[in-house]
Amino acid sequence: MKKMEIQRRKTKKIYIGSVPIGGDAPLTVQSMTKTRTSDADATISQINDLYQSGCQIVRVGVSDHASAAVLKRIVKASPLPIVADIHFSYRLALAALEAGVHGVRINPGNIGSKENIRKIVQAALARGVPIRIGVNAGSLEKDLLEKYGRPTPEALVESALREVRTLEDLGFYDIEISVKASSVLETVEANRLLASRTEYPLHLGVTEAGSGLAGIIKSAVGIGTLLIEGIGDTIRVSLTGDPVEEVTVAREILKSLGLLKEGINIISCPTCARCQVDLLSIVQEFSERTRDVKSLLDVAIMGCVVNGPGEAREAEMGVALGRTNGLFFQKGEEKGRIPLAKLLDLLVEEVRKADREKQLAETHKT
Ligand code: SF4
């Protein structure tokens with residue numbers, strides 16, 4: 001029987017560098033550097049770390065001329081398309097476009113006069129560079145705050161659509177939109193409203209989500225809820241901490257919903273009194289040893305031979321572990337009882353074999 005799949009909302013496709021967003025393009029993962037952009041070496045090093053972790057687009061803050069001055073070097077060295085994040089200064093936006101960035105994030109509401117916005121639009125049009133309108137609850141226009149009393153979902157959407165109209169009036173349609181709040185409920189509601197009123201691709205995120213477990217959960221609930229409803233074309237998890245963690249979490253959110261077709265999806269049980277092995281260590285070691293696997297594979301690692309075989313049989317590959325040996329399953333068939341000391345090596349070996357076969361089949365398809 002075919003697995004359930006999310007029906008995604010139809011949106012306009014844009015490109016950030018060579019990475020498509022929206023339309024029939026797969027969901028993408030973004031992050032943002034946290035170095036001083038003017039420290040080009042540190043910024044390039046962080047971009048490389050993000051690339052290694054599976055990030056597909058990276059945003060860098062351009063808040064002063066020293067940052068704009070090194071952008072060209074950063075763009076040249078980066079393995080990822082660069083989006084310049086600009087507030088207040090149209091001159092910095094022009095300098096970023098001149099430096100060759102692949103996208104610009106602005107909030108036209110704080111860029112100043114229509115003439116300044118027109119200059120940015122012309123430069124972006126000339127280079128085929130898209131613009132993200134990024135509206136945050138924390139920086140909403142005064143008149144909308146007065147109208148709605150506070151940054152409600154309706155206020156965020158009105159702000160975003162007002163900015164969209166500004167760009168459209170100037171003949172610019174290569175647009176991506178984000179509306180973010182630190183409240184999960186308001187972020188979800190704002191994006192639902194926005195999705196019902198525009199066909200431009202949406203960048204999802206819960207802003208200022210915090211750190212650690214709380215931040216991860218807020219992001220997973222907010223972004224996950226919208227993705228399940230088919231809303232969203234690219235995501236950024238915002239966490240206080242290492243941006244690589246943002247990418248790891250974002251990828252896991254996509255993987256949990258079948259929206260990222262690569263990497264191992266480990267199915268392991270919570271353990272209970274029936275478990276006679278150190279399942280956590282086994283799962284951690286397996287995860288470490290297969291981190292570089294490219295193909296999407298469901299692998300079950302279950303803590304007993306009583307209830308474990310059911311899940312292990314359902315997965316592409318699986319083991320149900322007893323005290324001294326375990327049952328090994330492949331594509332629903334039991335392949336035998338293997339001594340515990342050899343089982344992990346066998347599982348890793350078979351996963352690598354399946355990965356090679358899938359990668360080869362992919363190469364033949366293209
Ligand atoms: S699979 Fe076995 S060990 Fe794991 S939770 Fe279920 S009964 Fe307990």
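Here's how it looks for residue 335: its modeled amide H is under 5 Å from those of 328, 329, 330, which are all 5 or more places away or on a different chain.
For the chain, what log10 I(q)/I(0) values come out of the Debye formula at q = 0.06, 0.07, 0.09, 0.12 1/Å, with one point per alpha carbon and no solvent? Each listed q corresponds, in turn, to -0.27, -0.36, -0.58, -0.92. Just the number, please: percent antiparallel of the DSSP beta bridges in the chain, rounded to the nearest 5. In the chain, approximately 30 percent of DSSP beta bridges are antiparallel ones.
Modelled spin labels at residue 229 and residue 217, positioned 7 Å past Cα toward Cβ, are 2.2 nm from each other. Sequence-ordered 3J(HN,Hα) estimates for region 27-44 from the Karplus curve with 6.51, -1.76 and 1.60 and θ = phi - 60° stand at 4, 10, 10, 10, 8, 9, 6, 10, 7, 6, 4, 5, 8, 4, 4, 5, 5, 5 Hz, glycine and proline given as x. Put a plus charge on the Cβ of each Lys and Arg, a minus charge on the Cβ of each Asp and Glu, and nothing anywhere else: the dipole of region 264-365 about its Cα centre is then about 140 debye. Across region 282-291, coupling constants 3J(HN,Hα) worked out from phi with the 6.51/-1.76/1.60 Karplus curve, θ = phi - 60°, read 5, 5, 5, 5, 4, 4, 4, 6, 10, 4 Hz, and Gly and Pro carry x.
Peptides 138-144, 155-161 ordered by packing proxy, namely the average of other Cβ atoms within 10 Å per residue, highest first: 155-161, 138-144.
Close amide H pairs (under 5 Å, H built 1.01 Å from N) link residue 105 with 84, 85, 86, 132, residues at least 5 positions away or on another chain.
Put a dot 7 Å past the Cα of residue 110, heading toward its Cβ, do the same for residue 13, and the two dots end up 3.4 nm apart. 3J(HN,Hα) along region 336-351: x, 9, 10, x, 3, 4, 9, 5, 5, 4, 5, 4, 4, 4, 5, 5 Hz, from the Karplus curve 6.51 cos²θ - 1.76 cosθ + 1.60 with θ = phi - 60°, whole Hz, x for Gly and Pro. Projected over all directions and averaged, the alpha-carbon convex hull of region 1-129 occupies 9.2 nm². Between the residues 301, 283, 343, the greatest Cα displacement towards the positive end of the dipole of region 282-366, with unit charges on the Cβ of Lys, Arg, Asp and Glu, is found for 343. The relative contact order of region 1-137, computed from alpha carbon pairs under 8 Å that lie at least 6 residues apart in sequence, is 20 percent. Highest mobility in the GNM of the chain, judged by mean-square fluctuation with C-alpha springs under 10 Å and restricted to 205, 222, 171, is found for 171.
Each other residue within a Cβ distance under 14 Å of residue 314 adds +1 if Lys or Arg and -1 if Asp or Glu, for a net charge of -2.
Among 286, 329, 88, sorting on how many other beta-carbon atoms sit within 10 Å of each Cβ, with the fewest leading, yields 88, 286, 329.
In the elastic network of the chain, a GNM with C-alpha springs shorter than 10 Å, the most mobile of 181, 341, 99 is 341.
Relative contact order for the chain using alpha-carbon pairs under 8 Å, separation at least 6, rounded to a whole percent? Reported relative contact order: 13 percent.
Every number in this text was worked out from the coordinates using simple rules, so none of it is lab data. Just so it is clear, the structure is predicted and the values come from calculations on it, not from any experiment. Note that each Cβ is placed from the backbone with ideal geometry, even for glycine, and that neighbours are counted across all protein chains shown.
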